[in-house]
Amino acid sequence: MLACDLVVATKNCQFGLPEAKRGLVAGAGGALRLGEMLPPAIAKEILLTGSLFDASRAYQLGLVNRLVAEAELFDAVIGLANTIAQNAPLSVRSSLALVKAESEQARAPLWKMNDALLRRAIESNDALEGAAAFAGKRNPIWRGD
């Protein structure tokens, strides 16, 4: 959802990046994108706690464009898409390119670091412990390696 241009969520959705609870890192771009989208203190809290938060909080943080009841989801998404589709395609594409340009250029060199940190986390004993603890429905015993 962090890589989406627009997000419509139902009021009962939950969001979060739980990788820290599993001995991993949000290495598919979650940490990079969250850091761009939110103030540092909020991004750090979400990443470091691994806690879930509700759709209302996501909307307040600006991660969600529209918050709707589950029964209204399809109509809300189609309505938003139809509104966009009424605009000039070149204008829409150009506007998106401009909005994304700075963050994509700034993020490009960070992907190498992201990949190295993700590989390190995936190959760690903590990642194995996180998966085993999750599967065994127990608290993990972290070793930091």
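The values are calculated or read from the model by the stated rules, or taken from the named source; none is laboratory data. Quantities reported herein were computed from a predicted structural model and do not represent experimental measurements. Positions of Cβ are backbone-derived with ideal geometry, glycine not excepted, and every protein chain shown enters the neighbour counts. SASA here: full protein model, heavy atoms, side chains in, ligands and nucleic acids out. Shrake-Rupley method; radii C 1.70, N 1.55, O 1.52, S 1.80 Å.
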Scan region 119-145 residue by residue and report those that are within 23 Å of L32 (Cα to Cα) and outside any loop (DSSP other than H, G, I, E, B).
-> R119, R120, A121, I122, D126, A127, G130
For G144, state whether it is at pLDDT 95 or above and open to solvent by 40 Å² or more (accessible area, probe 1.4 Å).
-> no
Kindly indicate which of A31, A26, A58, A3 is loosely packed, with under 14 Cβ neighbours inside 10 Å and among the hydrophobic types (A, V, I, L, M, F, W, C).
-> A3
So which of V68, V92, V64, V77 ends up being among the β-branched types (V, I, T), open to solvent by less than 100 Å² (accessible area, probe 1.4 Å) and more than 23 Å from the chain's Cα centre (by Cα)?
-> V92
Can you tell me how many residues in region 15-31 are in contact with a Ser or Thr (Cβ under 9 Å, 6 or more places away or on another chain) and closer than 16 Å to D115 by Cβ?
-> 1
Hey, among L52, L48, which residue is in contact with a strand residue (DSSP E or B) (Cβ under 6 Å, 6 or more places away or on another chain), open to solvent by 70 Å² or more (accessible area, probe 1.4 Å) and under 23 Å from A135 (Cα atoms)?
-> L52
Checking E45, E104 in turn, the sole residue that is among the charged types (D, E, K, R), over 20 Å from G23 (Cα atoms) and within 18 Å of the chain's Cα centre (by Cα) turns out to be E104
